Every structure is written in structure tokens, then in C-alpha cells.
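To keep things clear, I will list the structure first and then write my remarks on it.
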Amino acid sequence: FFNIFIVQMVRVLVEVKAGRLSLRNKKLVPESTKGTVYFKETNPGEYLLEWFNRESNQTEYSVVIKGQQAEFIRIPNATGRFYYFKFTDRSIKKCFFWLQDASTEQDSKIEQIIKDALNTAPAPVPAVSTPAQ
């Protein structure tokens, strides 16, 4: 017998203090809960988006995104620094966030990192060959 261990390297691309936004009466309303958005690369062209509730120490939202299957959009004319992820798969709801860090210094860098990643096509799945019989 032998054991095979597959180690998956996860690379955190973005970690930012962010709250969730609720849609109420066609308006986005910031929730006061302190949170963190993690945007991680799990494989080339495959990402994990998580929202972590810093008050309960629980991950409350998690979705796997393949490159070119979502957009990261800043909401124009908003009263705060509001963003959302829009997915090409309509079964995944848009998720809305507002940046909680007082400093706006890193906003454009965060936006660019996520947009660049999402514009990357997922890595092709290698073909598996079977021996001829």
C-alpha cells in the first residue's frame, strides 16, 4: 500500500475589510457587520471568493469562480465604496460588498488585482491517455 497526498496551494490575492450590502426596496443598504473579503487563487484560472464575518469568526459566503466567469464592478455614483461580483452563471446571485477600511489608498490596486485575475482563462484540463489494448 502507498498513500498519495495532493497538496493544493492556495494563494491569497486580496484580503480586505469589507461588509455586505443588502438590497432593500431597490436600494443597496450597508450591513454594519464587520467582515473580510478573501479572493484566493486555488488553481491557475480558478478562484475562491469568501466573505468572513469577523464578529462571529465564520465564513458566511463562499463561491468558486473560474476565470472569465465573473466580473468585479464598482458601483458608480454610490454613497460609499460599493462593489459587486456579477457571474455569467445566472444561478449564482450577485454579491455586493462595501469596503470598510478607512483608507482608500489600496482601492484601485484591489480592483485591478481582482479584474486581472477574472480576465484570465482557466487552465486547460490535461488529457489523460490510456494504454492501447
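The values are calculated or read from the model by the stated rules, or taken from the named source; none is laboratory data. Bear in mind the structure is a predicted one, so any value in this text is a computation, not a measurement. Note: ideal-geometry Cβ built from the backbone for every residue, glycine included; neighbour counts use all protein chains shown. Each accessible area value is taken on the protein alone, full model and side chains, heavy atoms only, with ligands, DNA and RNA left out. Shrake-Rupley method; radii C 1.70, N 1.55, O 1.52, S 1.80 Å.
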Here the residues within the stretch 88-104 that are open to solvent by 90 Å² or more (accessible area, probe 1.4 Å) and β-branched (Val, Ile, Thr) are 88
Only residues that are touching a Lys or Arg at 6+ places or on another chain (Cβ under 7 Å) and in a loop (DSSP other than H, G, I, E, B): list them for the stretch 79-94, please. 94
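This table checks each residue for (1) under 21 Å from residue 15 (Cβ atoms); (2) part of a loop (DSSP other than H, G, I, E, B); (3) in contact with a Phe, Trp or Tyr (Cβ under 9 Å, 6 or more places away or on another chain); (4) polar (S, T, N, Q).
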residue: 55; (1), (2), (3), (4): yes, yes, no, no
residue: 59; (1), (2), (3), (4): yes, no, yes, yes
residue: 62; (1), (2), (3), (4): yes, no, yes, yes
residue: 71; (1), (2), (3), (4): yes, no, yes, no
residue: 77; (1), (2), (3), (4): no, yes, no, yes
residue: 96; (1), (2), (3), (4): yes, no, yes, no
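Considering 42, 36, which residue is at pLDDT 95 or above and surrounded by 14 or more Cβ atoms within 10 Å (Cβ to Cβ)? Show your work before the answer.
Working: 42 fails: at pLDDT 95 or above.
Step by step, each of 42, 36 is checked, and only 36 is at pLDDT 95 or above and surrounded by 14 or more Cβ atoms within 10 Å (Cβ to Cβ).
Please verify whether residue 49 is out of contact with any Asp or Glu (no Cβ under 8 Å at 6 or more places or on another chain) and hydrophobic (A, V, I, L, M, F, W, C), treating the condition exactly as stated. Show your work before the answer.
Working: out of contact with any Asp or Glu (no Cβ under 8 Å at 6 or more places or on another chain): yes; hydrophobic (A, V, I, L, M, F, W, C): yes.
Answer is yes for this residue.
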So how many residues does the stretch 45-61 have that are open to solvent by 20 Å² or more (accessible area, probe 1.4 Å) and either modelled with pLDDT under 95 or at negative phi (or both)? 11
For the stretch 1-33, name all the residues that are of a type in the set (S, T, N, Q) and either out of contact with any Leu (no Cβ under 8 Å at 6 or more places or on another chain) or at pLDDT below 90 (or both). 3, 8, 25, 32, 33
Considering (1) surrounded by fewer than 14 Cβ atoms within 10 Å (Cβ to Cβ); (2) in contact with a helix residue (DSSP H, G or I) (Cβ under 9 Å, 6 or more places away or on another chain); (3) in a strand (DSSP E or B), say which one residue 23 fails and leave the rest. (2)
Taking first residues from the stretch 42-53 that are over 11 Å from residue 117 (Cα atoms) and second residues anywhere that are among the charged types (D, E, K, R) and open to solvent by 10 Å² or more (accessible area, probe 1.4 Å), the pairs with Cβ under 6 Å that are 6 or more apart or on different chains are 48/40; 51/60; 53/60
